[in-house]
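> Once you've had a glance at the structure underneath, I'll fire off some questions.
Bear in mind that the values in this text are calculations on the coordinates, not laboratory data. The structure presented is a predicted model; accordingly, all values stated were derived computationally and were not measured. Positions of Cβ are backbone-derived with ideal geometry, glycine not excepted, and every protein chain shown enters the neighbour counts.
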Amino acid sequence: MRDIIQEQLFDDSALRMDMSYAVSRHLVRLIFSTYFRGEVYNAHKVPERGPVIIASNHVGYIDPFCVGAAVNRRICYLCRESAFKWPIIGYLLKKWNAVPVDRDGKNPRGLKAVLDRLKDGEAVMLFPEGTRTYDGTLQRAKPGIGLLVAQSQAPVLPVRIFGMWEAFNRHMKFPRPKKVKVVFGELISFHEKIEKLKNSDRESAKLVYQEIADGIMTAIANIKPKNE
């Protein structure tokens, strides 16, 4: 099933969201559909409610906005703590329910905040690779997302962004009007992996977290681009 972003432009879900979030989402959708000729596929795979981790490959700064604009429910994002200190941006990030994290993502407060969002039944977007790709290829996932999956027991929805490397990668100062596609995969769970943790020591648990993270990246890698 193919979901064109223009068809969703003014189609709000029944889920409530802050007005600033809704307005911003519509604006991003407009930019995404016009400047980037953006297309969205399988957005119906996103659960309408309940906790879910949306796991995406990471190419550019605007990845979160492209994915967030593709779905009809509010998504919580992770953002560096320093950004919350900016007068206007900080205000908007708080209104958008963004989660502040430190630069290396190891602050336990950030982890607890993410788990709290999931416990409250929200959708949280994460980048398993931890940082933007340097050459356009998928990188190995960090074990941190495995820890979050294990502790939250939330299902994971893989999503892959195509075309962003040509449109706006980390080596570019300005975005180019190249076609970008957001393709959602199938919802997956890791109950068997989580069961292994019950009798695992600390070192064994780390291996399981990495196995979960690797499984998520495999699911992202298996998402294929859609042809017109």
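> Please rank 79, 66, fewest neighbouring Cβ atoms within 10 Å first, as an exposure proxy.
On the way: 79 18, 66 28.
In order of increasing Cβ crowding within 10 Å: 79, 66.
> Enumerate by residue number the GluC sites (Glu not before Pro) in segment 147-200 meeting two conditions: DSSP loop (anything except H, G, I, E, B), and at most 15 other Cβ atoms within 10 Å of the site's Cβ.
Passing sites in segment 147-200 are 186.
> Same structure again: Exposure proxy check: 200, 152 ranked by fewest other beta carbons within 10 Å? Don't jump to the answer; show the numbers that get you there.
Numbers: 200 14, 152 20.
Final ranking by Cβ density, sparse to dense: 200, 152.
> At 4 °C and 1.567 mPa s, what whole-number value in µm²/s does Stokes-Einstein give for the translational diffusion of segment 25-98, with Rh from the Kirkwood sum over Cα pairs?
On the way: Rh = 13.7 Å.
Calculated translational D: 95 µm²/s.
> So, one more: Suppose only helical runs count, i.e. DSSP H with n ≥ 4. What mean residue ellipticity at 222 nm does that imply for the chain under -39500 (n - 2.57) per run, divided by all residues and rounded to the nearest 500 deg cm²/dmol?
Details: 8 runs with 84 residues, N = 228.
The helix contribution divided over the chain gives -11000 deg cm²/dmol.
> Based on other C-beta atoms within 10 Å, arrange 77, 61 from fewest to most. Before the final figure, lay out each step's value.
Details: 77 18, 61 14.
Starting with the residue having the fewest Cβ neighbours, the order is 61, 77.
> Using a basic spin-label model with each label point 7 Å from the Cα along Cα→Cβ, how many nm lie between residue 84 and residue 174?
The modelled label-to-label distance comes out at 3.4 nm.
> For the chain, compute Rh as the Kirkwood radius over C-alpha pairs and then the Stokes-Einstein diffusion coefficient at 25 °C and 0.890 mPa s; write the answer in µm²/s, rounded to an integer.
Details: Rh = 17.9 Å.
D = 137 µm²/s.
> Quick one: of the DSSP bridges fully inside the chain, what percent are antiparallel, nearest 5?
Working: 7 of 23 bridges.
Roughly 30 percent of the beta bridges in the chain run antiparallel, per DSSP.
> Then there is this: When the dipole is taken about the Cα centre of the chain, and only Lys, Arg (+1) and Asp, Glu (-1) are charged at their Cβ, what size is it in debye, to the nearest 20?
Result for the chain is approximately 520 debye, rounded to the nearest 20.
> Once you place label points 7 Å from the Cα toward the Cβ at residue 189 and residue 31, how far apart are they in nm?
3.8
> Another question, then. Which one of 128, 163, 87 has its Cα pushed farthest toward the positive end of the charge dipole of the chain, where Lys and Arg give +1 and Asp and Glu give -1 at the Cβ?
Farthest towards the positive end: 87.
> How large is ³J(HN,Hα), in whole Hz, for each residue of segment 57-69 in order, when computed from phi with the Karplus curve 6.51 cos²θ - 1.76 cosθ + 1.60 and θ = phi - 60°, using x for Gly and Pro?
Computed from phi, the couplings for segment 57-69 are 5, 10, 10, x, 4, 8, 3, x, 5, 5, 6, x, 6 Hz.
> In nm, what is the difference between 0.36 nm times the number of residues separating residue 211 and residue 119 and their Cα-Cα distance? Don't skip to the end; give the middle numbers.
Working: separation 92, 0.36 × 92 = 33.12 nm, distance 2.31 nm.
Using 0.36 nm per residue and subtracting the Cα-Cα distance, I get 30.8 nm.
> Can you return the lysines within cross-link range of residue 198? Criterion is Cα-Cα under 23 Å, with same-chain partners fewer than 8 residues away left out.
112, 119, 142, 206
> Under 27 Å Cα-Cα from residue 179, which lysines qualify once same-chain neighbours fewer than 8 residues away are excluded?
Straight-line reach from residue 179, under 27 Å: 45, 224, 226.
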